[in-house]
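Below: the structure, in C-alpha cells.
The values are calculated or read from the model by the stated rules, or taken from the named source; none is laboratory data. Remember, it's a predicted structure, so these values are computed and weren't measured experimentally. Here Cβ is always computed from backbone atoms with ideal geometry, including for glycine, and neighbour counts include all displayed protein chains. These accessible areas exclude ligands, DNA and RNA; they are computed on the full protein's heavy atoms, side chains included. Shrake-Rupley method; radii C 1.70, N 1.55, O 1.52, S 1.80 Å.
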Amino acid sequence: MTTTALAYAAPAAAADLVPTTIERRAVGAHDVLIDIKYAGICHSDIHTVRGEWGPQSYPLVPGHEIAGIVTEVGPEVTRHAVGDRVGVGCMVNSCGRCTNCTAGDEQYCLDGMVGTYGVTDRDGTITQGGYSSHIVVTEDFVLGIPEGIELDVAAPLLCAGITTFSPLHRWGAGPGKKVAVVGLGGLGHMAVKIAHAMGAEVTVLSQSLRKQEDGLRLGADHYHATSDEETFTDLAGSFDLIINTVSAPIDVSAHLGLLTVGGTMVNVGAPAEPLPVNAGALIGGRRSFAGSMIGGIAETQQMLDFCAEHGIGAEIEVISADQVNEAYDRVLASDVRYRFVIDTATLS
Ligand code: NAP
Ligand code: ZN
C-alpha cells in the first residue's frame, strides 16, 4: 500500500513553495517507512529548486536533511526496526556494485547515485525529498541517529555535517593543524564545530565581523573578515587546510595565498558559476585546490557517532512549513543562524 504524504513543493523554478501531497511507494522487501519529524533547509535546496544547477522536473519537494522515526519495515530489513530514530541524507540509492560503491563512496557511484529529490529513481519515478511527512527509503541508505542527539539538531548533520566532516577527516584536521572555514552558514558552522572537536586550531573567514561572537562560541579560535584586505596579507601562508563553504563565487586565488606550502583548499560550496584560479597561486606554494561531495554511508554513520560522542548538533531555528519561503530569503541574505529546520508536524 502506498502512503499519502503531506509535503511542501516548488511548483516551478521562479515560484514560492506551496503545500501539497505526494504518494510514497509501498514498502518493499528492503524498504523502511519513516515518519519524518524534522527536515533541514540546505542552500542546495535553493540552488536546485530555482534551476541554478540546470532544469528540474516540477513540482519538486526538496529536503535532504531528514530525521524521523521508523514506522514500518519490509520483510527483508535487518538494519532498522520500527521505533528506531533514523536519518536520511542526500542520497537514497546507488548501484552498490561499482568500484566507488564497494569502496564506501556511494556518492560517487559510477552509475550515478540517486539523489533524495529531483532525480529519476531506479523504478523510473522522480525522487521527492524531506519537506514532507513520510518517506520510503531502501534500508542501506538509512542512518541510525545515536541516543544523545535530539532529532531536530541531528537533521542538518545528514548533509551539512557529513559534507564538512568528510574533507576535514580526509585532509587530516587535528591537533597541530590550522584550519580555516570560509563562510559561517549552515555548512560553515558545522565545519567549525567538527574541526574544533577534532582538535584543530580553527579560524573563520566571514564576509564581516557581524557573527564573530557566535563563531568563537561555536569553537573558532580566530575570526577575520574577508571584506578587510589586510586579512589576506596578515594571514598569508597560515593554513594547512581551508574549507570553502560559500554558496557564491569567491576569489579562490586570494584564498589560496592563505595556505602553507603544500596546503589544500577544499571547495564544498557549489555556486553554478565557474571559480577561476591563477596557476601561480597553486604552483607558488605546491598548493592543492580540491573538491568534495557529501560522504559515503559508512562515513556518515561515523560522523553521526563522532557528533554524539562530542555532544555536537547543529545550531538551529525551528520553523513551521509555511515559513519556508521566508527562510529561503533569509538564507540568501546570509541571515541564517545557522540552519533552518522545518517541524514537519506543521505540514497541513
Ligand atoms: P548557507 O547557509 O547559505 O551558507 C553560505 C555562507 O556563505 C553564508 O552564510 C555566508 O557566510 C557566505 N556567503 C554567502 N554569499 C556570499 C558571497 N557572495 N560572498 C562571500 N561569502 C558569501 O549555505 P549552506 O547550506 O551552508 O551551503 C553552502 C554551499 O555548499 C552551497 O553552495 C551548497 O549548495 C553547497 N553544498 C555542497 C555540498 C557538497 O556536497 N559539496 C553539500 C551541501 C551544500 P558569511 O556571512 O559568514 O560570509
Ligand atoms: Zn545539502
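Taking the numbered list (1) under 19 Å from H43 (Cα atoms); (2) open to solvent by less than 10 Å² (accessible area, probe 1.4 Å) in turn, A200 passes all entries but (1). Being buried (at least 17 other Cβ atoms within 10 Å of the Cβ) and over 27 Å from M198 (Cβ atoms) holds for only one residue in A308, A345, A327, A314, and it is A327.
Quick grid of which residues meet (1) open to solvent by less than 10 Å² (accessible area, probe 1.4 Å); (2) under 17 Å from Q107 (Cβ atoms); (3) basic (K, R):
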| site | (1), (2), (3) |
| --- | --- |
| Y131 | yes, no, no |
| V136 | no, no, no |
| D140 | no, yes, no |
| E147 | no, no, no |
| P167 | yes, yes, no |
| H189 | yes, no, no |
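Residues that are over 17 Å from L168 (Cβ atoms) and within 16 Å of ligand 2 (Cβ to nearest atom) within the stretch 249-286 comprise A270, P271, A272, listed in sequence order.
Summed over the stretch 300-327, the residues that are among the acidic types (D, E) and under 29 Å from P274 (Cα atoms) give a count of 1. Of all residue pairs spaced 6 or more apart or on separate chains, those with beta-carbon atoms under 6 Å, a first member in the stretch 199-211 that is within 15 Å of Y338 (Cβ to Cβ) and a second member that is open to solvent by less than 10 Å² (accessible area, probe 1.4 Å) and within 10 Å of ligand 1 (Cβ to nearest atom) are V204/V181; V204/L184; V204/G215; S206/L184; K211/L184. Taken over the stretch 185-242, residues that are within 16 Å of ligand 2 (Cβ to nearest atom) and part of a loop (DSSP other than H, G, I, E, B) amount to 1. Taken over the stretch 36-69, the criterion of being surrounded by fewer than 21 Cβ atoms within 10 Å (Cβ to Cβ) and not basic (K, R) is satisfied by I46, H47, G51, E52, W53, G54, P55, Q56, S57, Y58, P59, I69. Of A321, A333, all but one fail to be within 16 Å of ligand 1 (Cβ to nearest atom), modelled with pLDDT of 95 or more and either closer than 27 Å to G54 by Cβ or in the same structural domain as S44 (by TED's automatic domain parsing) (or both); the exception is A333.
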